[in-house]
Amino acid sequence: MFIDSQSSRLTSALATLRRGAAFFGDGLRTAKGRGGRSPVSLPPGSVGVAGRCDHKVIGNGLRELDRFLSVLIDEVAGALPPRHVDTGSLARQRNTPNKLRALHTAMGRPSPDHDRLRAIGRSRDCLFYCDGIVTRSDSRHGGTMTVGWPCGEHAGGLGRSIAIGERLVVTPANLVWISAFYDRLAMDLVAASSGRPGALVDMDADLAYMQSC
């Protein structure tokens, strides 16, 4: 019964993250009316997201994806053999990149997306708390923040760097890439926990259209 319950929770956590990622990748949805917001798709050809509310909506979407990933990590850890990982300590970890790295370490796996998740976290906070204005650098005494998602000439790395004081612009193509990234993280983690790890997706090659974002 415990095994069935654990499997059900893991399946639900995976489905929740994938649904959330798909919704996020659909693009920012805004419709103003009577002080509220309702879903409408971004118009084709949009070049960016502007406006305080829009920045906060994207930041909040990234916060939700981070939370969904954190829950999935807990469920994957709980589905592992007993004493394989300290699930209590892991559940108390509030930093999702560190939490994922700890689980990967317990599973004897590398955590190649650690730096990217940290960079996306800084961009998330920039959008949610700072109206999209960069106020925090990658390092304590640095002058730039790396966005975390590839774009244009920076398609092969963690993305372009934005100077302190400049505005972070998010395009619909960026949202699609982030959606695919979280979906791939989820599927790879669950596959690895079941002993059937799949090949890591070459995100930069598969999403080559990011070159034109």
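Annotations for the structure displayed:
- If the condition is being modelled with pLDDT of 90 or more and open to solvent by 60 Å² or more (accessible area, probe 1.4 Å), then the range 145-186 contributes Ser161, Ile164, Glu166, Arg167.
- Residue in the range 141-159 that is in contact with a Cys (Cβ under 8 Å, 6 or more places away or on another chain) and within 23 Å of Arg94 (Cα to Cα) present: yes
- Scan of the range 114-142 for residues that are touching a strand residue (DSSP E or B) at 6+ places or on another chain (Cβ under 6 Å), of a type outside the set (Ser, Thr, Tyr) and farther than 18 Å from His55 by Cβ, ordered by number: Asp138
- Among the residues making up the range 49-77, a single one is surrounded by 14 or more Cβ atoms within 10 Å (Cβ to Cβ) and modelled with pLDDT under 55: Val49.
- The range 86-131 - residue that is part of a loop (DSSP other than H, G, I, E, B) and in contact (Cβ under 8 Å) with a residue 40 or more places away in the chain and, of those, farthest from Pro150 (Cα to Cα): Met107
The values are calculated or read from the model by the stated rules, or taken from the named source; none is laboratory data. As the structure is a prediction and not an experimental result, all values here were calculated from the model. We place every Cβ from the backbone using ideal geometry, glycine too, and count neighbours over all the protein chains shown. In case anyone asks, the SASA skips ligands and DNA or RNA and just uses the protein heavy atoms, side chains included. Shrake-Rupley method; radii C 1.70, N 1.55, O 1.52, S 1.80 Å.
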